[in-house]
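Here the structure is laid out as structure tokens; the discussion comes afterwards.
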Amino acid sequence: PDVKRIRNFSIVAHVDHGKSTLADRLLEITGVIKPGTEHAQVLDQLQVERERGITVKAVTASLNYTHNNEQYLLNLIDTPGHVDFANEVVRSVSACQGVIMLVDANEGVQAQTVAVHSLAKRNNLLIIPTLNKVDLPRANPDKVKSQLKTVFDIDPATVLSISAKKGWGVEELLQAVITRIPPPIVKLDDHFKAHIIDTWHDKYRGVLCLAYIHSGKVRIGQTVKWRSGSKQHTVKFLALLRPQEEPIEEAGAGQVIMVGCGPKGGGSVGDQLLSIDCADTGDAITVAPVRHMVYAGVFPADQSQHTQLSDAIKKLALNDSAVSVTPDSSPALGQGWRVGFLGLLHLDVFTQRLLQEYKAEAILTAPSVPYKIKVKGSKIIKQYKGEEVIITNPLQLPDANNIAEYYEPLVIGTIITPVEYIGAVTSLCIDRRGTPLPSNAVDDRMTMLQYILPLSEVVVDFHDTLKSITSGFASFDYQDYGFHPSPLIRMDILLNGVLVEELSTIVHVSRLEYNARRLTEKLKEMIPRQMVQVAVQAVVGGKVYARETIKAYRKDVTAKLYGGDVTRRKKLLKQQAEGKKKMRSVANIKIPRNTFIDVLKK
Ligand code: GDP
Ligand code: MG
């Protein structure tokens, strides 16, 4: 099609404001699915998405639409709304010229609305402000329009009103997509150049990529190369996604297509696919690198499943380019990986997908955030070649004497809350070591608060706590604010004076005593009595901050049984023998493997 009649756009919104429902309606209007029947959320294809009712992966659909007797190609990219998947949103918008920004006409502007609006602004995208759910009796479009004016300076006259559920106003919205969003600005007669916005693995065809073509044309059989490599490849598969594949012979600049170069053809998110004569690798289309917010150890339940899990992780990591995977090992848990995630929901979804899509069961250790240290000037330890080192695992931390400065990751948190909860929300933020930024009214009932918060205080249960203290009415989103100096310290655990490496943690000094007490108490609960008394100590630089004692006890699992039942007795002894295999021994103290997995979890 003529580039002038291509529109690439995305729907962005706070979670639950109706993106997937609207996408379904657009698919109906353009004839992809039959109206009237229940096709709940065609674009949410993953099992995890259906079960959780959230969109995890961005999916593209190329739609045909006729306007004023002209045929248009509309490339719709449905995006996930949750903060953890902001990475997917960023990648989708890199191929777009505009967005439909949906706002629930009941709920009004929420924290994620603020986040997606600033994302669209940063990327110079045209924004079509759209109120959704106007069919609901409590919808208040005028009020939400004035919120949009106050918060984003959006002219109320440009705001559309729709009901994605009933289909009201959706035709007008499509017309606005055509008349307001500009066509892609691209060079058709230049060398072929495309950038990869998504990849997934196909059993028979190898890596398939979703690509946005910046210049030139591509056709089946063409010789191409990856920007990252020197090898030549042949284009084997080309298709439009409607969202089902529709094979095509050729595609040109401005289009969003599926492309594959066969099982050995490669392809990864952020890379560029170029025609072989394309010397120009300059003006790279950059997508900001992913910042991993939490790390966790991932291990097979049993070492015999290591290869299978390794395979599954590789394939899933290809589809979920936001994870980072590096090999790791632990005396207690064996060979595994240290995996970086965007947040806890991302971590949950990753493990669920491993299980559901790849039938691989993994054990995850408690998540922690990354820290940064500056190694002391002259005393650079061999393994830390640079001056500043990111620490993703407390075990990597060198001796405190060699550290000049500690840094922790901070975020800017945005909270939109009804005014009556401002007091409670403020206390929560202060308790989580937050620093307030200026606040802004959204309207007479809602306020937007912003805080600089340590990521470690946010990732675990901040969102849940915020929801519960505001009866579910406050919304939250955060943005990376980088590493900043912070008084941190490494806390170790000693059992009868012997250090247990896997239980070391990095803590803020103000949290030291609390964490020391909590961890020793929990260990006392989790470690069974032993032949000898066990002292559990939390120490920092030789000073003991908390201590618990596990009394000696001669463990005989059959003592409780009175004679008789031989089979039961045998079974118990067998269980005990198996249990022993799953113990890690430190200074003759047997620690159940679970302890290492669960003790640091909240
Ligand atoms: P997403 O998280 O933005 O993808 O939101 P969904 O499309 O999954 O919608 C969230 C919920 O709002 C679902 O229960 C939808 O049925 C409902 N919903 C979406 N659009 C409308 C609408 O226009 N009117 C009403 N009444 N409900 C809607
Ligand atoms: Mg959705």
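What are the pairs, 6+ residues apart or on separate chains, where a residue within region 162-191 that is closer than 12 Å to V134 by Cβ and within 16 Å of ligand 2 (Cβ to nearest atom) has its Cβ under 7 Å from a residue that is at pLDDT below 95 and assigned to a loop (DSSP other than H, G, I, E, B)?
What qualifies is A164/G18.
Looking only at strands (runs of 3 or more DSSP E) that fall completely inside region 146-241, which ones have 1 or more residues that are under 20 Å from I11 (Cα atoms) and not β-branched (V, I, T)?
Details: elements: 193-202, 206-215, 217-219, 223-226, 232-234, 237-241.
Strands (runs of 3 or more DSSP E) meeting the threshold: 193-202, 206-215, 237-241.
Considering only strands (runs of 3 or more DSSP E) fully contained in region 452-529, which possess at least 1 residues that are over 20 Å from L600 (Cβ atoms) and at pLDDT 95 or above?
Per the criteria, 475-485.
Would you pick out the residues in region 400-424 that are in contact (Cβ under 8 Å) with a residue 60 or more places away in the chain and surrounded by fewer than 19 Cβ atoms within 10 Å (Cβ to Cβ)?
Applying the first criterion (in contact (Cβ under 8 Å) with a residue 60 or more places away in the chain) to region 400-424 yields 400, 405-416.
Result: A400, E405, I412.
What's the total number of residues in region 425-438 that are in contact (Cβ under 8 Å) with a residue 12 or more places away in the chain and exposed (fewer than 15 other Cβ atoms within 10 Å of the Cβ)?
Looking only at region 425-438, we keep the residues that are in contact (Cβ under 8 Å) with a residue 12 or more places away in the chain, and these are 425-426, 428-429, 432-438.
This time we only want the ones that are exposed (fewer than 15 other Cβ atoms within 10 Å of the Cβ), so: 435-438.
Residues flagged as in contact (Cβ under 8 Å) with a residue 12 or more places away in the chain and exposed (fewer than 15 other Cβ atoms within 10 Å of the Cβ) within region 425-438 amount to 4.
Taking region 457-482 only, how many residues are out of contact with any Lys or Arg (no Cβ under 9 Å at 6 or more places or on another chain), surrounded by 21 or more Cβ atoms within 10 Å (Cβ to Cβ) and farther than 28 Å from A105 by Cα?
Residues in region 457-482 being out of contact with any Lys or Arg (no Cβ under 9 Å at 6 or more places or on another chain), surrounded by 21 or more Cβ atoms within 10 Å (Cβ to Cβ) and farther than 28 Å from A105 by Cα: 1 in total.
Do you know which residues across region 392-444 are at pLDDT below 90 and hydrophobic (A, V, I, L, M, F, W, C)?
L395, L397, A400, I403, A404
Take the residues of region 22-32 that are part of a helix (DSSP H, G or I) and surrounded by fewer than 20 Cβ atoms within 10 Å (Cβ to Cβ): which is nearest to ligand 2 (Cβ to nearest atom)?
Step one: list which residues in region 22-32 are part of a helix (DSSP H, G or I), which gives 22-29.
With the extra rule that they be surrounded by fewer than 20 Cβ atoms within 10 Å (Cβ to Cβ), the set shrinks to 28-29.
On the way: E28: 16, I29: 18 Å.
Checked region 22-32; the qualifying residue nearest to ligand 2 (Cβ to nearest atom) is E28.
Step by step: first the residues of region 257-291, then only those that are modelled with pLDDT under 80 and charged (D, E, K, R), then the one that is surrounded by the most Cβ atoms within 10 Å (Cβ to Cβ). Which residue is that?
R291
Tell me which residues, restricted to region 1-50, are within 13 Å of ligand 1 (Cβ to nearest atom) and modelled with pLDDT under 80.
Narrowing region 1-50 to residues within 13 Å of ligand 1 (Cβ to nearest atom): 10-27, 38-44, 49-50.
Of everything in region 1-50, those that are within 13 Å of ligand 1 (Cβ to nearest atom) and modelled with pLDDT under 80 turn out to be E38, H39, A40, Q41, V42, L43, D44, E49, R50.
I'm checking my understanding of the structure. Among residues of region 112-121 that are within 15 Å of ligand 1 (Cβ to nearest atom) and aliphatic (A, V, I, L, M), which one is surrounded by the fewest Cβ atoms within 10 Å (Cβ to Cβ)?
Looking at residues that are within 15 Å of ligand 1 (Cβ to nearest atom) and aliphatic (A, V, I, L, M), I get A115.
Can you find a residue that is within 31 Å of the chain's Cα centre (by Cα), part of a loop (DSSP other than H, G, I, E, B), at pLDDT below 95 and of a type in the set (A, V, I, L, M) anywhere in region 102-122?
No; the residues of region 102-122 include none that is within 31 Å of the chain's Cα centre (by Cα), part of a loop (DSSP other than H, G, I, E, B), at pLDDT below 95 and of a type in the set (A, V, I, L, M).
If R593 satisfies every condition in (1) surrounded by 15 or more Cβ atoms within 10 Å (Cβ to Cβ); (2) farther than 30 Å from D328 by Cα; (3) at pLDDT below 90 but one, which is the exception?
Condition (2) is where R593 drops out.
Among the candidates V151, V170, V93, single out the residue that is more than 14 Å from ligand 1 (Cβ to nearest atom) and surrounded by fewer than 21 Cβ atoms within 10 Å (Cβ to Cβ).
Values: V170 fails: more than 14 Å from ligand 1 (Cβ to nearest atom); V93 fails: surrounded by fewer than 21 Cβ atoms within 10 Å (Cβ to Cβ).
Only one candidate passes the filter, namely V151.
Out of all the residues in region 144-155, which are touching a residue at least 12 places away in the same chain (Cβ under 8 Å) and of a type outside the set (V, I, T)? Spell out how you get there, then give the answer.
Keep residues of region 144-155 that are touching a residue at least 12 places away in the same chain (Cβ under 8 Å), which gives 144-148, 150-152, 154.
Those that are touching a residue at least 12 places away in the same chain (Cβ under 8 Å) and of a type outside the set (V, I, T): K145, S146, Q147, L148, F152.
A quick yes/no check of all residues on (1) more than 18 Å from the chain's Cα centre (by Cα); (2) modelled with pLDDT under 85; (3) among the hydroxyl-bearing types (S, T, Y):
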residue: G297; (1), (2), (3): no, no, no
residue: D302; (1), (2), (3): yes, yes, no
residue: Q305; (1), (2), (3): yes, no, no
residue: T326; (1), (2), (3): no, no, yes
residue: W337; (1), (2), (3): no, no, no
residue: L344; (1), (2), (3): no, yes, no
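For L136, are the conditions met, namely being closer than 21 Å to S94 by Cα and away from ligand 2 (no atom under 16 Å from the Cβ)? Full working, then the answer.
On the way: closer than 21 Å to S94 by Cα: no; away from ligand 2 (no atom under 16 Å from the Cβ): yes.
No.
Name the residue that is nearest to I178 (Cα to Cα), counting only residues in region 122-137 that are within 10 Å of ligand 1 (Cβ to nearest atom) and free of Cβ contacts under 8 Å to residues at least 60 places away in the same chain. Full working, then the answer.
Applying the first criterion (within 10 Å of ligand 1 (Cβ to nearest atom)) to region 122-137 yields 131-137.
Going one step further and asking which of them are free of Cβ contacts under 8 Å to residues at least 60 places away in the same chain, we end up with 131, 134-137.
Values: L131: 18, V134: 23, D135: 25, L136: 28, P137: 30 Å.
Out of the qualifying residues, it is L131.
The values are calculated or read from the model by the stated rules, or taken from the named source; none is laboratory data. Keep in mind that what you see is a predicted model, and the values were worked out from it rather than measured. Positions of Cβ are backbone-derived with ideal geometry, glycine not excepted, and every protein chain shown enters the neighbour counts.
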